[in-house]
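This report refers to the structure that appears directly beneath it.
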Amino acid sequence: MRLIPMPVALAIAAMPSCIYASDLLDAYDRARTNDPNLSRFNSLKHSASEGIALARAPLLPSISAKISLSEQVSHGSVMAQERQASDGSSGETSNQRTTNVTRKRSASITASQSILSLAKSADLRAARLSSYAQNAAYEAALQQLAGRVTTTYFRVLMNDDALLFAKENERVVAQQLERAEQRSYVGLSAVSDVQNARARRSTATASVIDAEKELSDSREALTQITGQPTEALKKLRAQLPLDIPSLSGLETWVSQAAEESPIVLALKYKVESAEQRVSSARARHLPTIDATVGYRKTGIWPLNDNAVAAANGRGGKGRGTITVGLVLKVPIFGSNAALSGVRQAIHERDAAQDELESTRRQVAREIQNRFRSVIGGISKIESTKSAAESSDGALDATQAGLEIGTRSLADVLAAELNLSVALGNYSRSRHQFILDKLLLKEAAGAVELSDLKAINSLLQ
C-alpha cells in the first residue's frame, strides 16, 4: 500500500491516453489557421501594404474629364417704331420685350503631375516604413504564437501529470485509512492514526478536485488558441537531452535580440516612420510645383434669332483651347493648423522612441531571466530527481518501520505525501526546462519551425 515506484510513475505519465494523440506541431498548425490574434496582425500587415499605394497615388499623374450643359435665358427690351399714320405723321415708338434663349456646352480634360512636393514624398517613405513595421510585428506575433502554443501544451501535460499523482496519492491514502481502521478495531493502533488518515484522505480528495480543475482550464486555454477541442496529447518522454542552447553567454543573447528580434525591429521602423511624419508636417510650409495640361472646348447654341445667332450661327461648335503650364503654390498663412501638426508629429515620434527603449529593456530583462532559467534548469532537474528518489527510499523505510512498530501510520502518510510532491516537482522541472529553452529563443526573436520540430521529437 504505497505510491507506485518512481520509474513506473514516470513511465505511466509519459504514455499517451489513447493510441492516436495530437502532438505539438498539430496544435501549432491549427493555431496558425484559427488564432484570432495572429489573424489580426495579418490583417494589419496587409492594411499597411495598401497604405503604400495610397501614399504613392498623389505623386502619380492624374487625369480628369468634365462636361457640362447649360441653358441661359435672358430678357430685354428694344425700341420699335409703329407704322406711319394716315395723315403722314410718323408713328409712335414703343419698348418691346425680347427673350433670348441660349444653350451652352462645355467639355474639358485635364492631366496633372506633381513635380515637387516634399510632404507627399515624406508621406510615401513613412508609409513604406509603416509597412516594414507591420511585417516585423507579424513575424513577432508568429514567434509569440509558437511560445503560447508550446507553453499551453506543456501546461496541459504538467497538469495531467499532477492529476495522475494526485489520484494515486488519494488511492494510497484511502488504503491507509482502511488499514488504520482495521488496526484500530483490533487495538493495534491509536484512534489518532485513524483521524490523521481521514484528514489525509480529505486533503487528497481536495487535491484531486483542484488538479482536475487546473487540467480542464489548461485544455480550454489550448482550445482557445487552436480553435478546436483539445484531444489526447503526446507526452514528454522519460529520457531528455539535458543540453543548453548552442549560443552561450548572456551578452550574446542580448546583442542578438537587439539586432534580430522582430518586436524590436517593428518599433525601430515605427520610429523611422514617425520621423518621416515629422518631415511631412514641416514640408507643408514649403512650395509645391505641379505640371498641368488641359484641353477645353465650348459650343453655344441659340434657340431664337438674335445677335448671338448672327455671330455664331445656329448650332455653332465653338473653338477648342489647349493649356500647358506649371502651377506654383506657396503657403503664406494657414492659421495654426500646420504648426500644430508639426508639434503633434514630434510628440508621436518621441512616444515611439520611448516605446522602443522600454521594449529594449524589457527584452533584455526577459532574456536574462530565461537564460538563467535554462542554465539552472539542468541542476533543478537533477535535484528534483534526487529528491524523488530519496522520497521513494524514505517511504520504503517508513513502511518497514511501521511493520516492526518503530514508525506510526502518520509517518507513512507524510512520507507518501512527500513522494507525491517530489514526483510533481520532478515532472514540472522536466517540462519547464524544455519550455525555457524555447522561451529564451522567443525573447531573442530567434524562434524557427525547426525548434518546434525538435521539441516535438521529444514527445511520444
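The values are calculated or read from the model by the stated rules, or taken from the named source; none is laboratory data. No experiment lies behind these values; they were computed from the predicted model shown. Positions of Cβ are generated from backbone atoms using ideal geometry, with glycine treated the same way; all protein chains shown enter the neighbour counts.
Can you work out which of the residues in the stretch 318-370 that are among the polar types (S, T, N, Q) and more than 21 Å from the chain's Cα centre (by Cα) is farthest from residue 113 (Cα to Cα)?
Looking at residues that are among the polar types (S, T, N, Q) and more than 21 Å from the chain's Cα centre (by Cα), I get 369.
Mind telling me which of the residues 394, 443, 364, 415 ends up being assigned to a helix (DSSP H, G or I), more than 28 Å from residue 242 (Cα to Cα) and of a type in the set (Gly, Ala, Ser)?
After applying the criteria, what remains is 415.
Return only the number of the condition from (1) within 29 Å of residue 183 (Cα to Cα); (2) touching a residue at least 60 places away in the same chain (Cβ under 8 Å) that residue 423 does not satisfy.
(1)
Here are some residues: 85, 126, 119. Which one is modelled with pLDDT under 95, part of a helix (DSSP H, G or I) and among the small types (Gly, Ala, Ser)?
Selected residue: 119, the only one of 85, 126, 119 that is modelled with pLDDT under 95, part of a helix (DSSP H, G or I) and among the small types (Gly, Ala, Ser).
Taking the stretch 179-208 as the region of interest, how many residues are touching a residue at least 60 places away in the same chain (Cβ under 8 Å), over 15 Å from residue 421 (Cα atoms) and assigned to a helix (DSSP H, G or I)?
Matching residues across the stretch 179-208 total 7.
Taking residue 180 as meeting all but one of (1) modelled with pLDDT of 90 or more; (2) small (Gly, Ala, Ser); (3) surrounded by 15 or more Cβ atoms within 10 Å (Cβ to Cβ), write down the number of the exception.
Among (1) modelled with pLDDT of 90 or more; (2) small (Gly, Ala, Ser); (3) surrounded by 15 or more Cβ atoms within 10 Å (Cβ to Cβ), residue 180 violates only (1).
Answer yes or no: is there a residue in the stretch 259-277 that is assigned to a strand (DSSP E or B) and either at pLDDT 90 or above or exposed (fewer than 15 other Cβ atoms within 10 Å of the Cβ) (or both).
no
Checking the condition among the charged types (D, E, K, R) and surrounded by 18 or more Cβ atoms within 10 Å (Cβ to Cβ), which residue from 453, 437 passes?
When all the criteria are applied, what remains is 437.
Using beta carbons and a limit of 6 Å, which pairs, at least six apart or on different chains, have the first residue in the stretch 209-221 and in contact (Cβ under 8 Å) with a residue 12 or more places away in the chain and farther than 12 Å from residue 164 by Cα and the second one in a helix (DSSP H, G or I) and charged (D, E, K, R)?
Listed pairs, sorted by first residue: 218/155.
Determine whether the stretch 244-257 contains at least one residue that is modelled with pLDDT under 85, closer than 30 Å to residue 123 by Cα and in contact with a Gly (Cβ under 8 Å, 6 or more places away or on another chain).
no
Might you let me know whether the stretch 156-178 holds any residue that is touching a residue at least 40 places away in the same chain (Cβ under 8 Å), within 13 Å of the chain's Cα centre (by Cα), assigned to a helix (DSSP H, G or I) and farther than 30 Å from residue 405 by Cβ?
no
Show the residue pairs that are 6+ apart or on different chains and have beta-carbon atoms under 7 Å apart, the first residue being within the stretch 443-460 and touching a residue at least 24 places away in the same chain (Cβ under 8 Å), the second being assigned to a strand (DSSP E or B) and aliphatic (A, V, I, L, M).
458/236; 459/236
Give just the number: which of (1) under 24 Å from residue 427 (Cβ atoms); (2) among the aliphatic types (A, V, I, L, M); (3) in contact (Cβ under 8 Å) with a residue 40 or more places away in the chain does residue 394 not satisfy?
Just one mismatch for residue 394, condition (3).
Assuming residue 364 fulfils every condition listed in (1) loosely packed, with under 14 Cβ neighbours inside 10 Å; (2) under 30 Å from residue 275 (Cα atoms) apart from one, which condition is it?
Here residue 364 clears every test but (1).
Take the residues in the stretch 48-82 that are assigned to a strand (DSSP E or B) and modelled with pLDDT under 70, then tell me which one is nearest to residue 122 (Cα to Cα).
Ranking the candidates gives 75 first.
Just checking, which of 430, 372 is among the charged types (D, E, K, R) and surrounded by fewer than 20 Cβ atoms within 10 Å (Cβ to Cβ)?
Going through 430, 372 in turn, just one is among the charged types (D, E, K, R) and surrounded by fewer than 20 Cβ atoms within 10 Å (Cβ to Cβ): 372.
Modelled with pLDDT of 90 or more, surrounded by fewer than 16 Cβ atoms within 10 Å (Cβ to Cβ) and not in a strand (DSSP E or B): does that describe residue 343?
So residue 343 fits the description; yes.
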